[in-house]
Every structure is written in C-alpha cells, then in structure tokens.
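Q: Pasting in a structure now, in structure tokens, and then I'll have a few things to ask.
The values are calculated or read from the model by the stated rules, or taken from the named source; none is laboratory data. What you are looking at is a predicted structure, and each value in this text was computed from that prediction instead of being measured. A quick note on method: Cβ atoms are made from the backbone with ideal geometry, for glycine too, and the neighbour counts reach across all protein chains shown. Each accessible area value is taken on the protein alone, full model and side chains, heavy atoms only, with ligands, DNA and RNA left out. Shrake-Rupley method; radii C 1.70, N 1.55, O 1.52, S 1.80 Å.
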Amino acid sequence: MRNVQLQVNTENARYLLNNGRLVALMTVAYSLIWWCLFAPSLSSSLHLLWLFCMLALSAVFYFFARIQSEVIDDFVPAPQLTRYFSLATSSGVLWAVGILLFMPVLPASERLLLVVLVGALLSLVVVPNLLSIRSFNGFSIPLLLALLVSMVGASRTEWVACLVLLLSWGVLNIVLRRAETLVKANFSEGALNRAKALELADSHALMRHQSERDALTGLYNRAIFEQTLALHWRLSSRANTSLSLLLIDVDFFKPYNDHYGHVAGDQCLSRVANLFTQALQREDDIVARYGGEEFVMVLPNTDTKGALQVAARVRTLMAEAKLRHEYSTAASYVTVSIGISCLIPVAQQSTKEIVDKADKALYRAKQLGRNQAVVAARGEV
C-alpha cells in the first residue's frame, strides 16, 4: 500500500509540475496586462519594482517546474509538492502586493475591473492546481485578503463584485475537493492495477524459472536440456555445422555423500554447478543438471577441439577450487569425469545418438581411472 501511495503522490507531483509552467506563463501575461492597465494611475516607480519581482518569480517558477518534471530517476514527490506550494503561495503574495499597490489609487471604474481580473485569474489557476487544494488556496487566499483590505470605503457595486468573487472561490474549493478525490482515486486504482500486473508478471517469471531450473543448483533442468539439444540439433543439421555434447559425472560422489552428509553433498553439487557455468564463455552454450551428480553441456557450432578446450577449463576450475574429498581414489579434492561427443547432425538421426556416444565416452573415462575427459570413439584425452 505504501508503494501505491508513493506512486499516487508521484503522479500528483508530476501533474502539478507539468502545469506549473502554464501557471508561470499565465502569471507573466497577467502581470504585464495589470501593469499596462493600472501603472499610469501610479505616480511612483513602485509598479516597476512589483513587475520586476513578478517576472523574476515567474521565471523561477517556470524553470523549477520544467527541470523537476523532466526528472524521472530518484523522483521524490513530497519535497517537490512542498516547493510547488511555496512558489504558488509566493506568487499569490506578490499578487496581493499588487492589489494593495494598485487598488487604492484607481478610479471606481478601474477598481471594478481589477476585481473582475482577480476572479479571472483565480479561475485560470484552477485546472493547473486541480490536484492540490493547498496550492490553490496558497495562491488565492493572499489575493482575497488583500482585496478585502482594499474594499474599505468601496462602493456598493465593488462590494457586490467582491462578495460574488468570494462565493465563487468557495464553490471552486468544493469542486476542487471533489475533483481531487476523484482523480486521486483513479490514480490509486491505476497504481494498484500496475502493482498487481507487476506482481503477476513476477509470479509468472518465478513459475517459469522454477519450471526451467533445477531447484538445487539453479542450472537448467533435464527437460530444458532436451528442448535445447533438439533445437540446436535442427539448426546444426540445416547449417551443416558441428554440435558437441559433454556429459559430466562427479567422481565418487556417493562416498562423499555417505561420509560428509547430504547437506554437504548438496553444497558440493551447487559449487560444482557454479564452476561449470564459469567454464562456458559463449551465450549459446548451456549447462544443465542431467540427474543426480551428472551434468551435461550443449555446445553448438563447436568441433572436437573446442569441446576439449571447454573440458580442460572445467577440470582446471575443479583443480583450482580444491573441494576437499578424502574418500576419492582419483584425487584429494572433488574431480569430474567427462564424456565428449561431437558430430554434424543429420536429419535422419535423433539427439539420442549424440547423448549415447557421450555416455559411452563417460563410461570409458571412469574405466580409465576417472578425473579425465574422453572423446567418443577416439580414445583418452
């Protein structure tokens, strides 16, 4: 729920920041209109100072909204909303200063025009501040207070216009509150739907991973091996390229399990599997758990020489890891025997042929004393 609320706040902040540039541009246009309409009534140069401050603040507001709305990574909505509120309130205070500056010196007809312009200004900032009543009121309340102060000694018509403006402000607050609730509810629903979609996608990815991977080692399981071998068999047959298969057996694993325990045996298989993964250097090569302590590697577009190089890397990594095995007659550490089969697939043949050849080569490697690699029908390596 916290993540959903964060997404809602983020969408809220981005909406306000995207519309903040519009507020800044409207402020520039309105302040210039005010200055052109009402400045001639002032005898001092305070109107120039007011215009300069208004334009400067509008520039700050514009570039703040533009820069922050373009920030995607590490976007934190709470500070942005606070800064937006501060700028909106500062703008409202400057407008209030303008009202107090212009209103007392204007003739009656222009005073009424100023009230109308204040109402128009408030109506224009409603949509940009649709998702923040606080920012809308931070902007509008200083204007209305300044207008009420300037109403001292005003005519009945001006008072009626001011009261209508206050009533409109109250109605706008009600409309904004309902709109904000509605839009945020839509944001929440959208965020919830996205969260559920992500959760469902993660669940599907996890289920797919579990269906493809061996639970203990994290390698591909036998079913995926058979599918991959069948695929590369067809591709190699069409391209007339070599396909190699390495069948690997952990030497004397039963004595290891019997003496060190099944937990240690599982840890051993997991570490050995990591070493096999390190031995592969191409994206298309795969290693899978074939069953028990047996593993298999599929090396597409690889001849006997290449397969022997992979087997050599496997044995080197095993020797460097030196996983202690006191109950092996092959070495003082965990070793492997490897059967290698390499052929160019023929459409009339099946994948069983390459597996059978590798299995026979593995059997010969065990007969010859283990801890070695043998190529099918070609002798010891």
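Q: Quick test for you: out of LEU124, LEU163, LEU145, LEU101, pick the one residue that is among the aliphatic types (A, V, I, L, M) and buried (at least 19 other Cβ atoms within 10 Å of the Cβ). First the steps, then the outcome.
A: Details: LEU124 fails: buried (at least 19 other Cβ atoms within 10 Å of the Cβ); LEU163 fails: buried (at least 19 other Cβ atoms within 10 Å of the Cβ); LEU145 fails: buried (at least 19 other Cβ atoms within 10 Å of the Cβ).
After ruling out the rest, the residue left standing is LEU101.
Q: On the given criteria, is LEU167 of a type in the set (A, V, I, L, M) and closer than 17 Å to LEU117 by Cβ?
A: No; evaluated as a whole, the condition is false for this residue.
Q: Also, quick follow-up: Return yes or no: is PRO142 under 27 Å from PRO79 (Cα atoms), touching a residue at least 40 places away in the same chain (Cβ under 8 Å) and more than 40 Å from the chain's Cα centre (by Cα)? It would help to see each step written out before you state the result.
A: Numbers: under 27 Å from PRO79 (Cα atoms): yes; touching a residue at least 40 places away in the same chain (Cβ under 8 Å): yes; more than 40 Å from the chain's Cα centre (by Cα): yes.
In short, yes.
Q: Would you check which residues across region 150-163 are in contact with a helix residue (DSSP H, G or I) (Cβ under 8 Å, 6 or more places away or on another chain) and not charged (D, E, K, R) and list them?
A: Result: SER150, MET151, ALA154, SER155, THR157, ALA161, CYS162.
Residues checked against (1) of a type in the set (A, V, I, L, M, F, W, C); (2) open to solvent by less than 40 Å² (accessible area, probe 1.4 Å); (3) on the phi < 0 side of the Ramachandran plot; (4) out of contact with any Leu (no Cβ under 8 Å at 6 or more places or on another chain):
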| residue | (1), (2), (3), (4) |
| --- | --- |
| SER244 | no, yes, yes, no |
| TYR256 | no, yes, yes, yes |
| VAL263 | yes, no, yes, yes |
| LEU269 | yes, yes, yes, no |
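Q: Do we find a residue being open to solvent by 20 Å² or more (accessible area, probe 1.4 Å), assigned to a helix (DSSP H, G or I), touching a residue at least 40 places away in the same chain (Cβ under 8 Å) and among the charged types (D, E, K, R) anywhere in region 319-339?
A: no
Q: A further question on this structure: Is it the case that region 222-236 has a residue that's of a type in the set (Asp, Glu), part of a helix (DSSP H, G or I) and either open to solvent by 40 Å² or more (accessible area, probe 1.4 Å) or without any contact (Cβ under 8 Å) to a residue 60 or more places away in the chain (or both)?
A: Yes, there is a match, as at least one residue in region 222-236 is of a type in the set (Asp, Glu), part of a helix (DSSP H, G or I) and either open to solvent by 40 Å² or more (accessible area, probe 1.4 Å) or without any contact (Cβ under 8 Å) to a residue 60 or more places away in the chain (or both).
Q: Mind checking which residues of region 286-335 are within 40 Å of the chain's Cα centre (by Cα) and charged (D, E, K, R)?
A: Selection gives ARG289, GLU293, GLU294, ARG313, GLU320.
Q: Of everything in region 279-318, what is assigned to a helix (DSSP H, G or I) and touching a Lys or Arg at 6+ places or on another chain (Cβ under 8 Å)? Give them in sequence order.
A: Selection gives ALA279, THR304.
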